[in-house]
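Report on the following structure.
The values are calculated or read from the model by the stated rules, or taken from the named source; none is laboratory data. Please read these numbers as outputs of a predicted model, since none were measured by experiment. Glycine gets a Cβ as well: all are built from the backbone with ideal geometry, and neighbour counts include every protein chain shown.
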Amino acid sequence: MLVRMRRTRPSATVDERTLVAAAAGDEDAFRRLVEPHRTELHAHCYRMLGSLHDAEDALQDALLRAWRGLSSFDGRGSFRAWLYKIATNACLDAIARRPKRVLPMDYGPSARPGLDEPEERPAETVWVEPYPDEQLGLEDGYAAPEARYEQREGVELAFIAALQHLPARQRAALILREVLGFSAREVAEALETTVASVNSALQRARKRIDERLPQLSQQATMRSLGDGAIREIVQRFIDAFERGEVDAILALLAEDVVFAMPPYSSWYRGRETIGDSWLMPGGPPPRLRYVPTRANGQPALGTYQLDPHTGSYVPLALDVLTLEDSLITEVIAFRTPELFPFFGLPEKLPD
């Protein structure tokens, strides 16, 4: 499954007077120029970097570079393409400064029940982070249903994780060409290389990324299930955990289900293994609460744990679910509660 979005939104035209005013130092004019592109540029930085926080930093860096270099835009090409060139290079610079981001499954073998204790990640390893669907700006009423599926497909967790295994320039070429639909010539200009070099990089990138992706995207799976069935699966998951019903939890899991919990490097595979390692004997204690949300175009849950000192439920983890048929094949529980505000999740829940 290779994501192919092919420009689901038309490029905004640049008003000449606004451009001249911005080049002369008018900050409001500059904001009017870049605002139509901010959302998609943010998603582009996330695809490149695999991190919501890194995407925020790279986007700010890119906009600062654009502001300072606006006089270099001659108006002959696309302003959107010019912005993407700047954002891509800001991301390439960021990639060069830090280790690549991965998921625990890419770091080492699965844990052995009863033998391997959960381990924090080594200092040099950085984990992929989830991405809020709201950040994609798909609820503004302008994107057609098909376009929404395509844009969500472009941030699915498996796709983002696979991208991080590509060399940086291959990653950029694949995203610009296959996800965003720029021409090979535009990609070559963005990367300051030749069309032949871009096509060669794309051929290698496509092969490597297809080896890491499932046959069906999550969007294809969810479309086949339908919104009602997905809501039912999520609600059954919530009910089973809040009641501590192990059998009900296990009934929702595929036989080869995967569970990981970044920043712990340990991860588990298999329904029986997870039952022995993740779920406590007699079931999880009834001290968890869940709030449904969406991350990476997939169903997700804000998980809250009871704080006995305050009597409130406080953020614990953001669980991103991957589905196949009507079963859960993967649960990535990101133990990074500082991400909750980005998903519009409350800071606590009452008892």
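For segment 304-336, a residue qualifies if it is aliphatic (A, V, I, L, M) and under 14 Å from the mean Cα position of the chain (by Cα), and the qualifying residues are 318, 320, 321, 332, 333. When we screen 179, 234 for residues that are buried (at least 19 other Cβ atoms within 10 Å of the Cβ) and in the same structural domain as residue 288 (by TED's automatic domain parsing), the only hit is 234. Selection of segment 300-321 for residues being polar (S, T, N, Q), in a strand (DSSP E or B) and surrounded by fewer than 22 Cβ atoms within 10 Å (Cβ to Cβ) yields 305, 312.
Here is the figure for segment 236-246: residues that are touching a residue at least 40 places away in the same chain (Cβ under 8 Å) and on the phi < 0 side of the Ramachandran plot total 5.
Pairing residues of segment 189-201 that are within 15 Å of residue 178 (Cα to Cα) with residues that are loosely packed, with under 15 Cβ neighbours inside 10 Å and at pLDDT 95 or above, at Cβ distances under 7 Å and at least 6 apart in sequence or on separate chains, gives 195/185.
Looking at segment 182-299, the helices (runs of 4 or more DSSP H) lying wholly inside it that each contain 2 or more residues that are of a type in the set (D, E, K, R) sit at 184-191, 195-210, 227-243, 271-277.
Look at (1) at pLDDT below 95; (2) crowded, with 19+ Cβ neighbours inside 10 Å; (3) over 20 Å from residue 103 (Cβ atoms) and you find that residue 201 fails only one, number (1). Being outside the structural domain of residue 272 (by TED's automatic domain parsing), at pLDDT 85 or above, of a type in the set (Phe, Trp, Tyr) and under 24 Å from residue 268 (Cα atoms) holds for only one residue in 159, 79, and it is 159.
Within segment 163-181, if we keep just the residues that are assigned to a loop (DSSP other than H, G, I, E, B) and modelled with pLDDT of 95 or more, the residue that is nearest to residue 41 (Cα to Cα) turns out to be 164. Annotation note: of 209, 249, the sole residue that is in contact with a helix residue (DSSP H, G or I) (Cβ under 7 Å, 6 or more places away or on another chain), touching a residue at least 24 places away in the same chain (Cβ under 8 Å) and under 21 Å from residue 162 (Cβ atoms) is 209.
Taking the stated definitions as given, is residue 81 surrounded by fewer than 20 Cβ atoms within 10 Å (Cβ to Cβ), in contact (Cβ under 8 Å) with a residue 60 or more places away in the chain and among the small types (Gly, Ala, Ser)? Judged against the criteria, residue 81 is a match.
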